[in-house]
Amino acid sequence: MSDFYAFFVRFLPDLLKGAGITLLLTVQGLVAGFVLGLLATLARTYGSKFWRGLAVGYIELFRGTPLLVQLFLIYYGLPGLGITLSRELSAFLALGLNSGAYQAEYLRGSILAIGDNQMMAGRSIGMSKWKTIWYVILPQALRLAIPAWSNEPVSLLKSTGVVFLIAVPELMAKAKAIAARTYDPIGSYLAVALVYLAMVYLLDAVLRWIERASRIPGFESEGKKA
Amino acid sequence: MSSFFTYIVQGTAITIAVTLVALPFGLIWGLLMALVHTYGGKLLNRVAAAYSLLLRGVPPIVLLFILYFILSGSINLSPFWAGSLSLGIVSSAYQMEILRGALLAVGGGQMTAARALGMSRLQSIQYIILPQALRLAIPPWSNEASIVLKDSSLVYALGVPEVLRRAQQLSATTQQPFLAYGAAALIYFVLVFAVNRGLDYVSERTKLPTHP
Amino acid sequence: MTNPILETRNLTKVYGQNTIFKNIDLKVNEGETIVIIGPSGTGKSTLLRCINLLTSHDGGQVFLDGNEITAKGYNEDEVRQQIGMVFQNFLLFNHLTAFDNVMIGLTRVKKMPKEQAKAKAMEELNRVGLADRADHYPGQLSGGQQQRVAIARALAMDPRVMLFDEPTSALDPELIGEVLGVMAKLARDRMTMIVVTHEMGFAREVADRIVFMEKGNIVEEGTPDDLFYHPKHDRTREFLWKITELYGKKEKEKGDKA
């Protein structure tokens, strides 16, 4: 046990560096995913047939295939079409596109729950469709989505692990490097597991705080009709 | 061209095999843990809760590696079996949460009614609670099933010759990386689609009739 | 005087700082129908659940046929085969048809052979008038029908005593009659019944004895005539008057509707 402790302390700087990259990837992916997911959901709910088809195609494709396959397709596959991207950019794209498809689903549920009635109310005072969406529907739908959506940051954090396979120097990559140096794969991956646990725990605490701080009094998150 | 086709399709068989090992293993183990958590005493409840928290707080790939090195080191399992069982262990934690939710949704009233009839706790769980809980669990479970199917791609990292690994080799031999990886994506897409449709069908068929 | 079929002695139930009921002595003779009335929250339901050991008690004893079922080492599951219970919210097994709901106790608990169990289940469903709905699921039945199936389910076990915990409180007014009708028939057939209810008409016409409980104590008990026309305690008179006024109104409304 004390061996493991010594081991852990020795490699802590490396692990933290890796954890930093992991967090960076997570935040980038989350933000990109949010924008993409929002656009996709709006296209799907309020767009013309063409945009709807595009959105559904995007969502189905990225939810219906593994992240790892998407990553390889972008990093190894695109060069075949003449598009070569750096490993960092590839990872960012893969994580962002993947997360966006899942976030689109979370937002869709909330928008549908708020949707029709509030749209009627907005239009009835002369607001245009898009004004209503921006000023009336989204503010409510986004808040409603928070509890379900807060699964996504943690999920994304965990899924960043696979990008080490294209040599992005995040936490898993550090684990592999340490394992190679110490010939102790179990020890190094256990150490990394602990770091992930810590990150997940902290992230979860932050999310719960956000959830509590953003509650609208009297507005339950069970999709009650407004 | 056709030999390449068969090559990658063989990988599909392995992908399916990995899923068919991991998913049922995760179900049995997850069901056990869910029952222990819901009906066990205080101590067992805490143990089950810890199990769930630990296994769900770590990326599947990390657990895959840890379990792989432990399993292949001590019992000398092949990468296929070590990888599949590891995925099963990871899935069991998520399935435990799904089944727990279903058990709670069935409700205490059903247990009370069963006990009032003279059934023992075990009989009540077996004949009254589980049949209803398992039905309730199908929609979230089908979500988990497609997740396990997608996560099976992780065994790539252990060298198992499933779809992705073969796509990589194809990409090298044919110098057509986009086609190779695109084919892999297509295969996964079809598999996930089939699983979702299949389980939707099961969900429809096992639904309990209500007022017309 | 023969021994009572069911008896509680000094039965007490405490929950935290509150005493739900204290030193309840209740004697029920075979074939009797006892109706327990009283304001809500006075422990009437809890009392029933202590009698069939679904809830633990904090003092006193319960005797069935002279045997102390609260004694240590007594198999609770076996006891519950002898005491049937009908719940306010029916609690039918949602995944089983009406027929299977009635049959499952016979096959899984009493280990009856299938053919025998089938015949018995059909018999009980007939008794409550629902043989034609045997293959329906609870989700397809009305509240009144569900409750009648629940009664059949409990009866199928051939219990010595039947406990009814506010059996009509969750029903739409139109459906109350069909359930009370089944219960009245059971009483006429000399089933031993303890019924907790607010239905005063039922109490007046069907009960052999009425027990008035308040604040965890039995205030008074006696025949319907005794309690309604010669109550010994003011509180009894007060409670019954208030309820009977309501009941009188109901009677009048029924008459107006007819």
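Observations on the model:
- Mean separation of Cα contacts under 8 Å, 6 or more apart, over the residue count of chain C: relative contact order %: 24
- Antiparallel %, DSSP beta bridges [both residues in the protein assembly as shown], to 5: 50
- Derived scalar couplings between HN and Hα for segment B:140-148 equal x, 5, 5, 5, 5, 4, 6, 5, 4 Hz in order, rounded to whole Hz, by the Karplus curve 6.51 cos²θ - 1.76 cosθ + 1.60 (θ = phi - 60°), x for Gly and Pro.
- Remark: segment C:123-139, residue by residue, has Karplus-estimated 3J(HN,Hα) of 4, 5, 5, 4, 4, 9, x, 10, 4, 6, 10, 4, 9, 7, 8, x, x Hz, where x stands for each Gly or Pro and the curve is 6.51 cos²θ - 1.76 cosθ + 1.60 at θ = phi - 60°.
- Segment C:D65-C:T2, extension gain: residue separation times 0.36 nm, minus the distance between their alpha carbons: 21.6 nm
- Across B:K207/C:K118; C:K110/C:K185; A:K49/A:K129; C:K13/C:K72; A:K17/A:K176, pairs whose alpha-carbon gap is larger than 20 Å: B:K207/C:K118; C:K110/C:K185
- Simple label model, 7 Å out from Cα along Cβ direction - B:I16 to C:K215, nm: 7.4
- At R0 = 51 Å, FRET efficiency that the Cβ-Cβ distance of C:A119 and C:H233 yields, to 0.05: 0.55
- Amide H contacts under 5 Å for C:I20: C:K13, C:V14, C:Y15, restricted to partners 5 or more places along the chain or on a different chain, H placed in the peptide plane at 1.01 Å from N.
- Rg and Dmax of chain B, based on Cα coordinates, read 20.3, 70 Å.
- Charge context of A:L67, other residues only, Cβ under 12 angstrom, K/R +1, D/E -1: +2
- Beta bridges by DSSP in chain C, antiparallel share as percent, to the nearest 5: 50
- Equivalent ellipsoid, segment A:87-226 (semi-axes from 5 times Cα gyration tensor eigenvalues, Å): 41, 17, 9
- Diffusion coefficient of segment B:31-134 by Stokes-Einstein, Kirkwood radius over Cα pairs, 25 °C, 0.890 mPa s: 161 µm²/s.
- When the alpha-carbon atoms of segment B:152-194 are used, the pair Rg, Dmax equals 10.4, 30 angstrom.
- A Förster distance of 56 Å, applied to the separation of the beta-carbon atoms of C:D25 and A:V31, puts the FRET efficiency at 0.20.
- Rounded to whole Hz, the Karplus (6.51, -1.76, 1.60) HN-Hα couplings of segment C:212-222, x for glycine and proline: 9, 10, 8, 6, x, 10, 7, 6, 7, 9, x
- Computed E for A:T84/A:S124 - FRET, C-beta separation, R0 56 angstrom, nearest 0.05: 0.60
- Between C:D58 and A:A167, the modelled labels are 7.2 nm apart [label points 7 Å from Cα along Cα→Cβ].
- Percent of alpha-carbon pairs separated by more than 31 Å within chain C: 26
- Radius 12 Å from Cβ of A:R10, net charge of other residues (Lys, Arg +1; Asp, Glu -1): -2
- For segment B:140-155, the residues whose amide N sits under 15 Å from a probe point set 7 Å from the Cα of A:A148 along the beta carbon direction are B:140, B:143.
- Within segment B:90-133: backbone nitrogen closer than 17 Å to the A:S155 label point (7 Å, Cα to C-beta): B:91-99
- Rg/Rh for segment B:14-80, where both radii come from Cα atoms and Rh is the Kirkwood radius: 1.04
- In the elastic network of chain A, a GNM with C-alpha springs shorter than 10 Å, the most mobile of A:G57, A:G109, A:G96 is A:G57.
- Based on alpha-carbon atoms, the Kirkwood radius and the radius of gyration of segment A:1-151 give Rg/Rh equal to 1.13.
- Across segment C:100-152, Cα-Cα distances exceeding 17 Å account for 30% of all pairs.
- Dipole magnitude (debye, nearest 20) for the protein assembly as shown, charges at Cβ of Lys, Arg, Asp, Glu: 1560
- Sparse-neighbour loop sites [trypsin sites (Lys or Arg not before Pro); segment C:1-88; at most 12 other C-beta within 10 Å; DSSP]: C:K72
- Of the trypsin sites (Lys or Arg not before Pro) found in segment C:168-224, those in coil by DSSP whose Cβ has at most 13 other Cβ atoms within 10 Å are C:R190.
- Taking label positions 7 Å along the Cα-Cβ direction at both C:K72 and A:L112, the computed distance is 5.9 nm, reported to one decimal.
- For the protein assembly as shown, alpha-carbon Rg over 2.2 N^0.38 Å: 1.22
All of the numbers you see were taken from the coordinates with simple rules; none came from a lab. As the structure is a prediction and not an experimental result, all values here were calculated from the model. Here Cβ is always computed from backbone atoms with ideal geometry, including for glycine, and neighbour counts include all displayed protein chains.
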